[in-house]
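Below: the structure, in structure tokens.
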Amino acid sequence: MSVAATTTRFEPLLHRHPANPILTGKEWPYPINSVFNAGATLLADGSTLLLCRVEDRRGLSHLCAARSQNGVDRWEIDSQPTLVPNPKEFPEEIWGIEDPRITFVPELQQYVVTYTSYSRGGPGVSLALTRDFRKFERYGVIMSPDDKDTALLPRRIDGFWALIHRPMAPLGSHMWISYSPDLRHWGNHKLMLEARRGAWWDANKIGLSPPPIETSRGWLVIYHGVRHTPSGCLYRLGLALFDIEKPEKCLLRGDSWIFGPEAEYERHGDVHDVVFPCGYTMAGDGDTVNLYYGAADCSIALAQGSVQSLLDWLDANGSCERRRESR
Ligand code: BMA
């Protein structure tokens, strides 16, 4: 690590929107506990859809859609839950469904939603297809527990669909990528990005945050790292870049986190010190990224940044994986 990296002031790459938090439980049309960790996408008419994780007053989560013309305010929230756990047909959803990520897949002309289904056996990964966020075709569990933090890449790689996910293992929770011919059967599993060890901010447990951003340089990945401290966990965000045709190959990874809990609504809530993005939209300029994140498991906030600046930061501060040296 260079001296400069340790002593210069960090210029923020992601800027909090002044209207933050942009959605809270107070706006909800029916009684809930909290709303956070939303998947995001642009709809065909240019409006923004957030598929929000809503925790009810039993502690179980479902998903609810909110739509806005500008992606910041005047949200039209479905008057009833949009996707509810259906444990009769899908027993793995018995304790709720959480943390959706949305990928629009041009080949299918559908949105693929991957989400955590909380089963008696632990959290697993489920997948559903939709054209309109009103009707869903559920595929059920595609990755058995413990596994979460998934998103599908928007197109096939060498003829196979590619899914990033985060299985939990006693030696650490790392990001993996798996391939499938049909979105149902998954194999060819590859370790994609490892949690570091020891004192690092992203030691022991990392996971994909929003779906990867496709750039001319590769798949730009914003991931979360979890630091365990005596007063609880700290969720922060880091950056890495992966090969466009071989997405398990890490090209660059930043050493320091780029965004962490600082604002009051991120520091204090049902779970303190959590920033947890599950979705982004890209602005018309093709560079501005609108990152939607759950704050302290209580509200949804927005931060904006430039893809070019994120890539420039990685060029200046990232290195290719140094597995043996750094851990
Ligand atoms: C993670 C996920 C997120 C949650 C975070 C902090 O493990 O379950 O849904 O926001 O913990 O509680």
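Every number here is computed from the coordinates shown, using simple stated rules; none is lab data. Because the structure is a prediction, the values reported are computed rather than measured. Reconstructed Cβ throughout: ideal geometry from the backbone, glycine too, with neighbour counts over all protein chains shown.
Per-structure values
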{"quantity": "Members of the range 178-220 found to be of a type in the set (A, V, I, L, M), closer than 19 Å to residue 168 by Cβ and without any contact (Cβ under 8 Å) to a residue 40 or more places away in the chain, listed by number", "calculated": "195, 203"}
{"quantity": "Selection from the range 73-93 of residues that are closer than 13 Å to residue 118 by Cβ and of a type in the set (D, E, K, R)", "calculated": "92, 93"}
{"quantity": "Strands (runs of 3 or more DSSP E) enclosed by the range 21-131 - at least 2 residues per element that are polar (S, T, N, Q)", "calculated": "34-42, 61-68, 110-119, 122-130"}
{"quantity": "Checking residue 170 against (1) surrounded by fewer than 16 Cβ atoms within 10 Å (Cβ to Cβ); (2) closer than 19 Å to residue 95 by Cα, the condition it does not meet", "calculated": "(2)"}
{"quantity": "Residues being at negative phi and more than 18 Å from the chain's Cα centre (by Cα) - total across the range 59-82", "calculated": "15"}
{"quantity": "In the range 267-319, the residues that are in contact with a Lys or Arg (Cβ under 6 Å, 6 or more places away or on another chain) and of a type in the set (S, T, N, Q)", "calculated": "none"}
{"quantity": "Unique residue being closer than 19 Å to residue 50 by Cα and within 16 Å of the ligand (Cβ to nearest atom) when the list is 149, 202, 132", "calculated": "149"}
